[in-house]
Amino acid sequence: MNTLRLLSFFFFLSTQLFSQDKFTLNGYVRDAESGESLIGATVYINEISSGTITNPYGFYSITLGEGAYNVDFRYIGYKTISRKLELSDNTKVDIELSSLDIELEGVIVSDLAEDYNISSIEMSTSKLDMSKVTEIPTFLGENDIIKAIQLLPGVSSVGEGASGFNVRGGSVGQNLVLLDEAPVYNSSHLLGFLSVFNPDAVKDLKLYKGGVPSRYGGRVSSILDIRMKDGNKKNTVLSGGIGTIFSRLTLESPIVKDKSSFILALRRSYADILAKPFLKNSNFFEDGAALNFYDLTAKTNFELNENNTLYVSSYVGRDVFKFDARQGFNWGNKTGTIRWNHLFNDRLFSNFTAIYSNYDYQLAFGSDDRNKFEWDSNVETFNFKPEFTYFVDANNELSIGAELIKYRFEPANAIGVSDGEKTDITLPMKYAFEGAFYVGNEQKISSLTLAYGLRYSVYSYYGPGSVYEFGASTLSGGRKPLVSEESVEGNENIKSYSNIEPRISLNIRLGNSSSIKSSYNRMAQYIHLLSNTAASSSLDVWTPSTNNIKPELADSYVLGYFKNFNNNKFEASVELYYKDLKNQIDYIDGADLLINKYIEGDLLSGIGRAYGVELLLKKNRGKFNGWVSYTAGRSELKIRGINKFNWYPTRYDQTHNFKITSTYKINDRVQLSGNFVYLTGTPVTFPSSKFVIQGFAIPHNSSNSRHQFRIPEYHRLDLSVTINGKKFKKNGDERRNKSSLIIGVYNVYNRRNPFSIYFSQGKGNVTDSFVPGEVTRLSIIGSFVPSITYNFKL
């Protein structure tokens with residue numbers, strides 16, 4: 001009953017300003033050169049000093065009273081189009097914007113500054129333009145989305161070669177990564193050095209660290225929403241790049257001009273091919289060894305009529321590390337998305353989405369069929385999402401939708417063979433269902449903007465499968481003993497959960513150049529990534545909430561101040577955040593996470609907290625631009641059985657996080673770029689004592705403390721120069737073909753950043769009172785890494 005009252009309240013607020021004497025202006029905003037829809041383009045109504053922005057499909061709708069209006073259509077990096085419209089009936093206006101030629105001194109995108117970071121309701125949200133991503137110096141000279149967002153405030157990684165990213169003290173598994181709305185369970189190639197997202201196929205990306213809209217759910221740390229290009233609807237375009245270790249090729253073309261198109265993007269590494277001449281005296285590759293990755297990204301769209309559009313997109317990628325024909329490991333993602341946009345009327349926009357996602361990994365070793373081990377695992381999801389957006393009037397935008405998700409987990413399909421004797425250690429499958437209904441509204445009231453909503457999620461862990469019941473451990477923080485084991489039939493419910501997830505954000509304008517923003521949201525996470533290694537790896541285990549593992553919950557509070565200077569040339573912000581977390585997972589000492597039938601007995605749960613401050617200063621225009629960010633934060637857990645039930649830092653806690661990203665345009669052909677990163681070292685657990693048994697030292701943590709030390713700090717400088725091809729022919733005509741050469745150096749001053757530190761027994765005489773020891777500091781990148789990449793567009 002309370003939920004119904006709250007929903008009624010939302011509808012009342014969203015319709016209070018509505019009257020029958022108003023008309024609707026709507027349409028699509030697209031790129032004039034390619035026909036791509038522009039996400040987040042502004043439609044500004046001068047007479048009311050307000051407007052709206054386009055949705056993820058480039059659609060806008062705004063309801064106004066009858067009369068004449070001067071309307072500006074604007075998008076960053078594009079020429080503004082102004083139209084004078086007489087609104088006496090519902091009117092559809094589709095607009096195509098042309099890109100601006102960026103001059104040496106920079107450009108002003110619009111005579112009337114938009115102040116989007118000041119006026120919008122969004123906070124703790126970062127949107128990176130793909131043109132900016134291509135300017136950032138990266139490892140091996142390859143543009144990378146995940147590495148780019150790690151330069152934003154509040155985002156980090158535990159070290160080089162670590163998969164994924166960490167947001168405001170959260171783990172890698174607490175981030176929901178979406179590619180055209182399909183979840184991607186492992187976002188890394190090359191064990192974390194590159195991401196699975198081909199930048200040539202990406203149109204838009206947005207990272208939500210807080211203030212998360214009610215349409216998103218399923219993770220407690222962040223949402224990374226990546227949207228693929230639709231494909232050029234005007235012309236056939238071939239683009240690509242030849243890099244240090246891999247090359248890429250992208251084809252875009254219209255199917256029916258201005259109506260439908262496709263994009264096909266392929267990448268393949270060739271480290272193994274380049275290595276062959278240096279290993280010609282070795283049988284390494286002749287024995288079937290391989291070292292490569294590849295991915296294929298594809299999308300097509302069909303404009304059926306002015307009210308219906310169909311989109312189909314997919315991704316297939318894989319990493320292969322084979323030591324010979326029989327031994328090695330590999331992993332990969334497969335996703336597929338089908339979306340149908342339907343416009344019921346001038347104000348009611350809908351989107352229906354069907355999604356498939358699969359992540360799997362395989363491991364094999366052994367000398368022959370009589371002695372071998374083979375293991376594969378996967379997590380598979382099927383999603384369906386109906387979503388509706390009702391553009392009530394110029395001050396209200398109402399969203400309603402639902403999400404249905406079916407999970408299928410295969411923890412381990414494993415077989416071992418020893419001297420011809422086969423042992424099957426396969427673990428039973430696990431099944432789960434997650435559903436959610438949400439409603440939200442964005443409302444403007446004078447200088448106050450509100451975004452409020454509610455998400456109600458339900459979850460069921462069901463059979464067929466096995467149900468385990470564990471008792472209390474006899475030792476604090478020890479392995480829990482198995483009490484009973486029971487088999488259940490297909491579709492039988494084992495354990496259910498439900499959660500109400502309120503969301504609210506507000507923006508108070510303080511004049512034309514500053515604002516105060518605040519937000520609160522609750523998030524629930526029903527599936528979990530189990531990893532007790534220094535960094536997340538491709539062999540980590542995804543598992544559902546069960547009768548022994550409760551859903552993770554997070555209450556997030558954010559308060560921020562935003563200020564622009566010098567006609568929006570500079571922008572600055574300060575954000576304070578605090579997250580209160582429940583049902584956080586950690587592990588007993590010596591936990592066995594791989595192929596463990598009773599893995600739930602090795603898990604401990606408790607509470608967590610993450611808090612800090614983020615500072616950002618950004619220069620948006622001019623020949624020199626970029627940003628400086630600083631984050632001071634803590635991420636801590638308190639779990640019974642660990643650290644004497646006192647607070648202790650998480651493995652990914654980093655107190656200080658300082659970054660500088662900059663570009664300098666020497667002229668219209670040459671640009672210099674640089675990054676500097678400084679991070680506090682991550683926490684580690686070291687033994688505090690040791691036993692000596694028969695001449696061997698056995699390390700021991702006698703204080704039962706966890707993460708009581710830190711590895712040394714991480715810092716790095718990267719530099720690159722981009723040389724663009726000539727833009728004009730000798731006769732003054734613009735060249736259709738474009739090219740660029742990027743020369744870069746990663747880790748310029750040769751810093752050996754420690755990834756981990758471990759202890760071992762050293763050489764020397766062993767006595768009853770002395771055992772020699774060694775300390776090893778492991779660095780993944782031990783020197784500077786030069787690179788060169790050639791990009792082209794035909």
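The values are calculated or read from the model by the stated rules, or taken from the named source; none is laboratory data. No experiment lies behind these values; they were computed from the predicted model shown. Cβ atoms come from the backbone with ideal geometry, glycine included; neighbour counts cover every protein chain shown. Ligands, DNA and RNA are excluded from the accessible area calculation, which covers all protein heavy atoms including side chains. Shrake-Rupley method; radii C 1.70, N 1.55, O 1.52, S 1.80 Å.
Output the residues belonging to region 202-220 that are within 19 Å of GLU403 (Cα to Cα) and in contact with a helix residue (DSSP H, G or I) (Cβ under 7 Å, 6 or more places away or on another chain).
Selection gives ARG219, VAL220.
Mind counting the residues in region 644-673 that are closer than 28 Å to SER536 by Cβ and not β-branched (Val, Ile, Thr)? Give the steps one after another, and end with the answer.
Looking only at region 644-673, we keep the residues that are closer than 28 Å to SER536 by Cβ, and these are 644-661.
So of that shortlist, the ones also not β-branched (Val, Ile, Thr) come out as 644-649, 651-654, 656-659.
The total comes to 14.
Go through (1) touching a strand residue (DSSP E or B) at 6+ places or on another chain (Cβ under 6 Å); (2) open to solvent by 60 Å² or more (accessible area, probe 1.4 Å) for ARG735 and report which single condition fails.
That leaves (1) as the condition not met.
Residue-wise test of (1) modelled with pLDDT of 90 or more; (2) touching a helix residue (DSSP H, G or I) at 6+ places or on another chain (Cβ under 7 Å); (3) surrounded by fewer than 19 Cβ atoms within 10 Å (Cβ to Cβ).
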{"site": "VAL43", "(1), (2), (3)": "yes, no, no"}
{"site": "ILE62", "(1), (2), (3)": "yes, no, no"}
{"site": "GLU66", "(1), (2), (3)": "no, no, yes"}
{"site": "SER88", "(1), (2), (3)": "no, no, yes"}
{"site": "ASP94", "(1), (2), (3)": "yes, no, yes"}
{"site": "SER99", "(1), (2), (3)": "no, no, yes"}
{"site": "LEU112", "(1), (2), (3)": "no, no, yes"}
{"site": "ASN117", "(1), (2), (3)": "no, no, no"}
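Which condition number does TRP542 fail, the rest of (1) under 30 Å from ASN507 (Cα atoms); (2) aromatic (Phe, Trp, Tyr); (3) open to solvent by less than 60 Å² (accessible area, probe 1.4 Å); (4) within 23 Å of the chain's Cα centre (by Cα) being met?
The one condition TRP542 does not meet is (1).
Within the group GLY173, GLY141, which residue is in contact with a Leu (Cβ under 6 Å, 6 or more places away or on another chain) and of a type in the set (Gly, Ala, Ser)? Even if it seems obvious, please write down each step before you answer.
Numbers: GLY141 fails: in contact with a Leu (Cβ under 6 Å, 6 or more places away or on another chain).
Answer to the check: GLY173.
Test LEU450 against the criterion of being open to solvent by less than 20 Å² (accessible area, probe 1.4 Å), touching a residue at least 60 places away in the same chain (Cβ under 8 Å) and not basic (Lys, Arg), and give yes or no. Before you say what the answer is, go through the steps one by one.
Values: open to solvent by less than 20 Å² (accessible area, probe 1.4 Å): no; touching a residue at least 60 places away in the same chain (Cβ under 8 Å): yes; not basic (Lys, Arg): yes.
It is false that LEU450 is open to solvent by less than 20 Å² (accessible area, probe 1.4 Å), touching a residue at least 60 places away in the same chain (Cβ under 8 Å) and not basic (Lys, Arg).
Filtering region 317-330 down to residues that are open to solvent by less than 60 Å² (accessible area, probe 1.4 Å) and farther than 16 Å from PHE197 by Cβ, which residue is modelled with the lowest pLDDT? Quick ask: steps written out before the conclusion?
Filtering region 317-330 down to residues open to solvent by less than 60 Å² (accessible area, probe 1.4 Å) leaves 317-321, 324, 327-330.
Keeping just the survivors that are farther than 16 Å from PHE197 by Cβ gives 320-321, 324, 327-330.
Working: VAL320: 91, PHE321: 87, ASP324: 81, GLN327: 88, GLY328: 89, PHE329: 89, ASN330: 91.
The residue in question is ASP324.
Identify the single condition in (1) under 17 Å from ILE599 (Cα atoms); (2) in contact (Cβ under 8 Å) with a residue 40 or more places away in the chain; (3) assigned to a strand (DSSP E or B); (4) among the hydroxyl-bearing types (Ser, Thr, Tyr) that SER484 does not satisfy, given that it satisfies every other one.
If we test SER484 against (1) under 17 Å from ILE599 (Cα atoms); (2) in contact (Cβ under 8 Å) with a residue 40 or more places away in the chain; (3) assigned to a strand (DSSP E or B); (4) among the hydroxyl-bearing types (Ser, Thr, Tyr), just (2) comes out false.
Identify, by number, the condition in (1) under 19 Å from LEU617 (Cβ atoms); (2) surrounded by 21 or more Cβ atoms within 10 Å (Cβ to Cβ); (3) of a type in the set (Asp, Glu) that ASP129 doesn't meet.
(2)
Among the residues of region 665-674, is there at least one that is open to solvent by 10 Å² or more (accessible area, probe 1.4 Å), β-branched (Val, Ile, Thr) and modelled with pLDDT under 95?
Scanning region 665-674, I find at least one residue that is open to solvent by 10 Å² or more (accessible area, probe 1.4 Å), β-branched (Val, Ile, Thr) and modelled with pLDDT under 95, so the answer is yes.
Considering only residues that are open to solvent by 30 Å² or more (accessible area, probe 1.4 Å), among the polar types (S, T, N, Q) and in contact (Cβ under 8 Å) with a residue 40 or more places away in the chain, which ones fall in region 638-664?
Correct list: empty.
Quick one: TRP542 ticks every box in (1) more than 20 Å from THR125 (Cα to Cα); (2) touching a helix residue (DSSP H, G or I) at 6+ places or on another chain (Cβ under 7 Å) bar one, so which box is it?
For TRP542, the exception is condition (2).
Please work out which one of (1) over 27 Å from SER538 (Cα atoms); (2) under 28 Å from the mean Cα position of the chain (by Cα); (3) open to solvent by 50 Å² or more (accessible area, probe 1.4 Å) is the condition VAL439 fails and give its number.
(3)
Which residue out of SER536, SER556, SER573, SER635 is surrounded by 20 or more Cβ atoms within 10 Å (Cβ to Cβ), out of contact with any Leu (no Cβ under 6 Å at 6 or more places or on another chain), more than 20 Å from TRP647 (Cα to Cα) and among the hydroxyl-bearing types (Ser, Thr, Tyr)? Please lay out each step first, then the result.
Values: SER556 fails: more than 20 Å from TRP647 (Cα to Cα); SER573 fails: out of contact with any Leu (no Cβ under 6 Å at 6 or more places or on another chain); SER635 fails: more than 20 Å from TRP647 (Cα to Cα).
Going through SER536, SER556, SER573, SER635 in turn, just one is surrounded by 20 or more Cβ atoms within 10 Å (Cβ to Cβ), out of contact with any Leu (no Cβ under 6 Å at 6 or more places or on another chain), more than 20 Å from TRP647 (Cα to Cα) and among the hydroxyl-bearing types (Ser, Thr, Tyr): SER536.
Scan region 747-794 for residues that are modelled with pLDDT of 80 or more, loosely packed, with under 13 Cβ neighbours inside 10 Å and farther than 26 Å from THR680 by Cα and jot them down.
LEU794
So which strands (runs of 3 or more DSSP E) stay within region 659-723 end to end and still have 3 or more residues that are farther than 16 Å from GLY744 by Cβ and out of contact with any Asp or Glu (no Cβ under 7 Å at 6 or more places or on another chain)? Talk me through it step by step, then tell me what you get.
On the way: elements: 670-679, 689-693, 696-700.
Correct list: 689-693, 696-700.
Looking only at region 686-697, decide whether some residue is aliphatic (A, V, I, L, M), open to solvent by 30 Å² or more (accessible area, probe 1.4 Å) and free of Cβ contacts under 8 Å to residues at least 60 places away in the same chain.
Checked region 686-697: at least one residue is aliphatic (A, V, I, L, M), open to solvent by 30 Å² or more (accessible area, probe 1.4 Å) and free of Cβ contacts under 8 Å to residues at least 60 places away in the same chain.
Counting only residues that are part of a loop (DSSP other than H, G, I, E, B) and of a type outside the set (Asp, Glu), which one in region 312-345 is nearest to ASP272 (Cα to Cα)? Spell out how you get there, then give the answer.
At the first step, the residues of region 312-345 found to be part of a loop (DSSP other than H, G, I, E, B) are 323-327, 344-345.
If we keep only those that are of a type outside the set (Asp, Glu) too, we end up with 323, 325-327, 344-345.
Numbers: PHE323: 11, ALA325: 14, ARG326: 17, GLN327: 16, PHE344: 53, ASN345: 55 Å.
Among residues in region 312-345 that are part of a loop (DSSP other than H, G, I, E, B) and of a type outside the set (Asp, Glu), the one nearest to ASP272 (Cα to Cα) is PHE323.
Evaluate region 493-500: report whether one residue or more is open to solvent by less than 20 Å² (accessible area, probe 1.4 Å), without any contact (Cβ under 8 Å) to a residue 60 or more places away in the chain, touching a Phe, Trp or Tyr at 6+ places or on another chain (Cβ under 9 Å) and not β-branched (Val, Ile, Thr).
In the first step, residues of region 493-500 are kept if they are open to solvent by less than 20 Å² (accessible area, probe 1.4 Å); the result is none.
Checked region 493-500: no residue is open to solvent by less than 20 Å² (accessible area, probe 1.4 Å), without any contact (Cβ under 8 Å) to a residue 60 or more places away in the chain, touching a Phe, Trp or Tyr at 6+ places or on another chain (Cβ under 9 Å) and not β-branched (Val, Ile, Thr).
Consider LYS729 against the criteria (1) more than 21 Å from GLY240 (Cβ to Cβ); (2) among the basic types (Lys, Arg); (3) surrounded by 15 or more Cβ atoms within 10 Å (Cβ to Cβ): it satisfies all of them except one. Which criterion is unmet?
Condition (3) is where LYS729 drops out.
Out of region 453-471, which residues are outside any strand (DSSP E or B) and either open to solvent by 50 Å² or more (accessible area, probe 1.4 Å) or of a type in the set (Ser, Thr, Tyr) (or both)? First the steps, then the outcome.
Taking region 453-471 and keeping what is outside any strand (DSSP E or B), we get 463-464, 471.
Correct list: PRO464 only.
So which strands (runs of 3 or more DSSP E) stay within region 203-280 end to end and still have 2 or more residues that are out of contact with any Gly (no Cβ under 7 Å at 6 or more places or on another chain), farther than 17 Å from SER187 by Cβ and β-branched (Val, Ile, Thr)? Outline the logic, then answer.
Values: elements: 222-228, 237-242, 246-256, 260-269.
By residue number, 237-242, 246-256.
Give SER314, SER357, SER377 a once-over and let me know the one that is buried (at least 20 other Cβ atoms within 10 Å of the Cβ) and either at pLDDT 95 or above or of a type in the set (Val, Ile, Thr) (or both). Before you say what the answer is, go through the steps one by one.
Numbers: SER314 fails: buried (at least 20 other Cβ atoms within 10 Å of the Cβ); SER377 fails: either at pLDDT 95 or above or of a type in the set (Val, Ile, Thr) (or both).
Going through SER314, SER357, SER377 in turn, just one is buried (at least 20 other Cβ atoms within 10 Å of the Cβ) and either at pLDDT 95 or above or of a type in the set (Val, Ile, Thr) (or both): SER357.
In region 607-632, which residues are open to solvent by 30 Å² or more (accessible area, probe 1.4 Å), under 22 Å from GLU160 (Cα atoms) and hydroxyl-bearing (Ser, Thr, Tyr)?
First, the residues of region 607-632 that are open to solvent by 30 Å² or more (accessible area, probe 1.4 Å): 607, 609, 611, 613, 615-621, 623-624, 628, 630.
Right, trim to under 22 Å from GLU160 (Cα atoms) and you get 628, 630.
The answer is TYR630, and nothing else.
Any idea which of (1) open to solvent by 60 Å² or more (accessible area, probe 1.4 Å); (2) in a strand (DSSP E or B) is the one ASP589 doesn't satisfy?
Every condition holds for ASP589 apart from (2).
Need pairs with beta-carbon distance below 6 Å; first residue among the charged types (D, E, K, R) and within region 377-396, second not in a strand (DSSP E or B); sequence gap 6+ or separate chains.
From residues that are among the charged types (D, E, K, R), the pairs are ASP393/LEU17; ASP393/PHE18.
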